[in-house]
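Shown next, in structure tokens, is the structure this report addresses.
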Amino acid sequence: MATLTLYLEMVGTEPGVYYETLKGYGNYRNVISEVRTRSVAAGAAPFCQQLAKNLRVLFDLTLKSGPPGFKALNTSSTADRTMLDTDLLCYICETRQLSILRRFDPTRFASFLAQSPKAAGSTANMVRNNMVVGIMSEIYLDRIATDITAATFAVYHEWMHNKTNWTAGEDPNWVHRLVGGGLSEENDDGLKGLTPISAQQMNQRLTLRNRQFLDGVPIR
């Protein structure tokens, strides 16, 4: 069995100060506690590094929710253009104005905003010369006020859309039709956290091969 790698790519300036509203991610606990402010200058982990750590906890639960499709799990706070088609990438946009979708397909982005003005993220099959060149997932930090808990949930939600069977023409909004799905619910007003249902559904789809949209990743 292969290794699943989760990649994040910051677009814009990474927050030096952020906050969290969650006491723990493990064992499907999504307990809202006091707001805790984190400052990188005071010794907190950089935002994307901590975000990758949070996502690893959720995906550890996801992989344990059903038959394992991967022998190992890696996370990275920067993207790599050599990633596999089973890996996942999410762009962490400082603002919606820095959206990767807006940069490469402004007309489609405008349409998306008109339909979902409060959305914290988006996922799209990116097309060039009438051919799909990759699946793009992104979240917008200005929509979640640099709340790293909300960012963790929003990335997981967009990755559920990312694992749509695009080749077969599946509707990416299958995600929103899960009953009691927690992180599968529409994320305009915040997500409620990981549930066994959302973990199981995601686990069943992790081996789908969806090439990620890499045009927004700098050549390093």
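Tabulated results
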item	result
Distance between modelled label sites at Ile197 and Thr167, nm, 7 Å Cα→Cβ extension	2.9 nm
Cα centroid of the range 100-119 to Cα centroid of the range 151-168, whole Å	17 Å
Added length on full extension, which subtracts the Cα-Cα distance from 0.36 nm per residue, Thr207 to Thr82	43.3 nm
Global form of the range 2-205, assessed from the alpha-carbon gyration tensor, a/c cut-off 1.5	rounded
The chain: relative contact order as a whole-number percent, Cα under 8 Å and 6+ apart	25 percent
Simple label model, 7 Å out from Cα along Cβ direction - Ala42 to Met131, nm	5.2 nm
Helix-only CD estimate at 222 nm, as mean residue ellipticity for the chain, using -39500 (n - 2.57) per DSSP H run (n ≥ 4)	-8500 deg cm²/dmol
Extension gain from Thr107 to Lys53, taking 0.36 nm per residue of separation minus the Cα-Cα distance	16.0 nm
Cα centre as origin, Lys/Arg/Asp/Glu Cβ charges: the range 2-205 dipole, Debye	260 debye
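Bear in mind that the values in this text are calculations on the coordinates, not laboratory data. Since this is a predicted model, take the numbers as computed values, not measurements. Every residue, glycine among them, receives a Cβ derived from its backbone with ideal geometry; neighbour counts consider all protein chains shown.
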